[in-house]
Amino acid sequence: MISISKPGNHHDPGKIAPGHTGLRRICVGLLLAGSLLASTGCTSLVVGAGATAGVAAMQERGFKNSVNDNAITANLWRKYLEIDKDMFVDIDIEVVEGEVLLAGRVPSDAVEMKAVEVAWQTNGVKRVINKLQVGKEVGLMDTASDLLISTRIKTALMFDSRVYAINYTIETVDGTVYLMGIAQNRDELDRVISHVRATSYVKRVVNFVRLKDDPTRKRT
């Protein structure tokens, strides 16, 4: 996941947090350098950095769900790191009210199946949305393009006064943008999707956003 809910800016509730892939790479580097990660590890430290109580309380999902979602994310990062550092680096995780989106590119079907299995076995997970792609690792230019797409979308949402950007998470993989979050209403969601489609180099939009009054949210 934009996690737009990935760890990051916690000063302005209307702003979207940046991606955490770079921070995870730092954690891996520290691990390989011999730094000791406790059971909560660097991953939970990264999650906690952007998940302040104030921001969590302002999100539509509420403080409790926000904390639970961050706990799921931290547990998954830890599990993937324990299995294979490449899984930890290659797989992007977004969690909204117990629904887990797995995105990114993995080298084999076996890795994909293992990643999905581990996600389902993680406490608190209600649904796993598997959007992992199997194939060769993307090049630096492709990765930079995806980052540029996400950054442009974040900026557009952040400056749209009719969109409460903090409620949305976005992941971009090979030009495909995955949306998650909670929309205040259909009009707001349509504006978000329009911003995404208007962004250069976006090939496809995959929407998993739920409306605020969606009856399925009553079970969360």
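The values are calculated or read from the model by the stated rules, or taken from the named source; none is laboratory data. Note that the structure is a prediction, hence the values are computed from the model and not measured. Glycine gets a Cβ as well: all are built from the backbone with ideal geometry, and neighbour counts include every protein chain shown. Accessible surface is based on the protein model in full, side chains and every heavy atom, while ligands, DNA and RNA are left aside. Shrake-Rupley method; radii C 1.70, N 1.55, O 1.52, S 1.80 Å.
Any idea which of (1) among the acidic types (Asp, Glu); (2) assigned to a strand (DSSP E or B); (3) farther than 20 Å from Asp92 by Cβ is the one Asp190 doesn't satisfy?
(2)
So which of Val111, Val118, Val95 ends up being in contact with a helix residue (DSSP H, G or I) (Cβ under 7 Å, 6 or more places away or on another chain), outside any helix (DSSP H, G or I) and surrounded by 18 or more Cβ atoms within 10 Å (Cβ to Cβ)?
It is Val95.
Exactly one condition in (1) among the acidic types (Asp, Glu); (2) crowded, with 17+ Cβ neighbours inside 10 Å; (3) part of a helix (DSSP H, G or I) is not met by Glu171; state its number.
It fails just one condition, (3).
In region 146-161, which residue that is within 23 Å of Glu97 (Cα to Cα) and modelled with pLDDT under 95 is farthest from the chain's Cα centre (by Cα)?
The residue in question is Met158.
Counting just the residues of region 178-201 that are closer than 12 Å to Ile149 by Cα and in contact with a Ser or Thr (Cβ under 8 Å, 6 or more places away or on another chain), which one comes out most open to solvent (accessible area, probe 1.4 Å)?
So the residue we want is Tyr201.
Name every residue in region 164-177 that is among the aliphatic types (A, V, I, L, M) and within 23 Å of Ser145 (Cβ to Cβ), in order of residue number.
Hits for region 164-177 are Ala165, Ile170, Val173, Val177.
Could you check region 56-89 and list, in sequence order, the residues that are crowded, with 22+ Cβ neighbours inside 10 Å and of a type in the set (Asp, Glu)?
Asp69
Only residues in region 175-202 that are among the polar types (S, T, N, Q) count as the first member; pair them with residues that are part of a helix (DSSP H, G or I) and surrounded by 15 or more Cβ atoms within 10 Å (Cβ to Cβ), Cβ under 6 angstrom, at least 6 apart or cross-chain, and list the lot.
Pairs that qualify, where the first residue is among the polar types (S, T, N, Q) and the partner is part of a helix (DSSP H, G or I) and surrounded by 15 or more Cβ atoms within 10 Å (Cβ to Cβ), are Thr199/Ile149; Thr199/Arg152; Thr199/Ile153.
Can you pull out every residue in region 121-133 that is more than 15 Å from the chain's Cα centre (by Cα), open to solvent by less than 60 Å² (accessible area, probe 1.4 Å) and not polar (S, T, N, Q)?
The one that is more than 15 Å from the chain's Cα centre (by Cα), open to solvent by less than 60 Å² (accessible area, probe 1.4 Å) and not polar (S, T, N, Q): Gly124.
Residues being under 12 Å from Ala183 (Cα atoms) and crowded, with 16+ Cβ neighbours inside 10 Å: count how many of those fall in region 202-211.
Looking only at that region, the number is 3.
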